[in-house]
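What follows is a single structure, written as structure tokens, with notes after it.
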Amino acid sequence: MSSAEVVLGFLEEAEPWRLLSPQFPSKVGGKPAWLSERGLPSLPELECEICHLPMAFLLQVYAPISGQDRSFHRTLFLFCCKTYECYTCNDSRCMKVFRSQLPRRNEFYPYDPPPEDEPPSDPEPHQCVLPMSGVKLCWVCGCPGSKACSRCHTVTYCGKHHQTLHWKHTHKRECCSQDAPIVTASPFLFPESELVTEPEEEEQDEKEEEKDTKEAGEGEEEGADCPSLADTLAETDLEEMAMHETEDIKVFQRFKKKTAPEPHQVVRYSREGSPLWVSSQHIPSDQDIPPCSCGAKRTFEFQVMPQLLNSLNVDSTGASIDWGTLAVYTCSASCHSDDQYCPEFIWKQDFSSEQHTQIKRT
């Protein structure tokens, strides 16, 4: 693990106004609280690469970079597919992450920090239009959507899939009605919570554990009988087969030990640090992580923990979206985005079947 500080993220309830864009929130679920109102990801960018259906907003992390004016405001947005069949083992194509950043002086927000008090009530609480840029948003998912209902022409969608979903949910009853639209949470969205953070306390006994392990290994070598050449050759294949399993157990046990003091953590943030892997298998090499389009290397920034799944209401008769951990890698230079949401890189690592069994038992 890198010496970079690790900050843990936890879920908390919050008043809805605190999760809107002017408050620069970190949050899970609901609709995205877009940072810049320009250059939002397009519909094709927000589709699952496997089933090509619209992805759902999973979470966003507000992560400004101190001393870098272009990143005075900086947020990372993570989207995921809700089709469980797309969650094949260690396949990241069902997820996408985007970076948006703004200098302190920008056209969307005041120079000074937002007030602590609740602002005047929003005349359009469903936020179907971004106030400054006038960009229309999908009523269902909160992503860019300029396709209006052909009957009332007042509600917009990102595409036919979400228009159909909203029609069945509430719009069939309210379309062209004189009554105000029913503002209810879409069944497509994940439950919304604020993401609050606190530093992880450093472990004091890691070095002692390494010392004990080393001494135990030396003791085994001193007391062991020397095997014959034939025995050695006969056991080689078994040792190679067991090696991966033993290493996998070791990595998983370390994961459980590191998370045990704070079992409700849903995010681990450590820019230019290292992820906490759940398995020794399917760990990316430097070559697996593509550089940013600007040419700069991408480095680890944060990971999403499996504990978050417990809060997403995704279990359905044994079939649901799933992951061991999601590691997000971002441009090390946090390059200027030219008013665009920059795609970054995400790596999904899954639990092995044996680890799933251990998790269920505990």
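Only residues that are within 25 Å of Val97 (Cβ to Cβ), without any contact (Cβ under 8 Å) to a residue 24 or more places away in the chain and either of a type in the set (A, V, I, L, M, F, W, C) or assigned to a loop (DSSP other than H, G, I, E, B) (or both) were counted across segment 256-290, and they come to 1.
Within segment 94-103, the only residue that satisfies the criterion of being in a loop (DSSP other than H, G, I, E, B) and under 12 Å from Asp322 (Cα atoms) is Cys94. In this structure, Ile249 does satisfy being at pLDDT below 95, more than 19 Å from Glu198 (Cα to Cα) and hydrophobic (A, V, I, L, M, F, W, C). Checked against (1) of a type outside the set (Asp, Glu); (2) open to solvent by 20 Å² or more (accessible area, probe 1.4 Å); (3) farther than 24 Å from Pro191 by Cα; (4) at pLDDT 95 or above, Gln358 passes all but a single condition, namely (4). Of all residues in segment 144-164, those that are more than 19 Å from Lys31 (Cβ to Cβ) have Cβ atoms under 8 Å from Cβ atoms of residues that are loosely packed, with under 14 Cβ neighbours inside 10 Å and modelled with pLDDT under 85, 6 or more apart or on another chain, in Arg151/Cys176; Cys152/Cys176.
Looking at segment 254-306 only, could you name the residues that are of a type in the set (A, V, I, L, M) and either within 18 Å of Leu195 (Cβ to Cβ) or touching a Lys or Arg at 6+ places or on another chain (Cβ under 7 Å) (or both)? Hits for segment 254-306 are Val266, Val267, Leu276, Ile289, Val304, Met305. One residue stands out in segment 156-194 among those that are under 16 Å from Leu137 (Cα atoms), part of a loop (DSSP other than H, G, I, E, B) and at pLDDT 85 or above: the one that is farthest from the chain's Cα centre (by Cα), namely Gly159.
Of the residues making up segment 26-66, those that are surrounded by 19 or more Cβ atoms within 10 Å (Cβ to Cβ), touching a helix residue (DSSP H, G or I) at 6+ places or on another chain (Cβ under 7 Å) and not in a strand (DSSP E or B) are Gly30, Ala33, Trp34, Leu35, Cys48, Met55. Taken as a whole, the condition of being at pLDDT 95 or above and either part of a helix (DSSP H, G or I) or of a type in the set (A, V, I, L, M, F, W, C) (or both) does not apply to Gln303.
Residue-by-condition table, conditions (1) of a type in the set (S, T, N, Q); (2) outside any strand (DSSP E or B):
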| residue | (1), (2) |
| --- | --- |
| Leu78 | no, no |
| Cys89 | no, yes |
| Ser92 | yes, yes |
| Arg105 | no, yes |
| Tyr109 | no, yes |
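Residue under question is Ser26, and the condition is that it be of a type in the set (Gly, Ala, Ser) and more than 26 Å from Val314 (Cα to Cα); does it hold? No, not satisfied. Quick check on segment 318-344: of everything there that is touching a strand residue (DSSP E or B) at 6+ places or on another chain (Cβ under 7 Å) and open to solvent by 30 Å² or more (accessible area, probe 1.4 Å), which residue is nearest to Phe302 (Cα to Cα)? Only one residue tops the list, namely Ser332.
The values are calculated or read from the model by the stated rules, or taken from the named source; none is laboratory data. As the structure is a computational prediction, the values presented were derived from the model and not from experiment. Backbone-built Cβ (ideal geometry, glycine too); neighbour counts: all protein chains shown. To get the accessible areas, we keep the full protein, side chains included, count just its heavy atoms, and leave off ligands, DNA and RNA. Shrake-Rupley method; radii C 1.70, N 1.55, O 1.52, S 1.80 Å.
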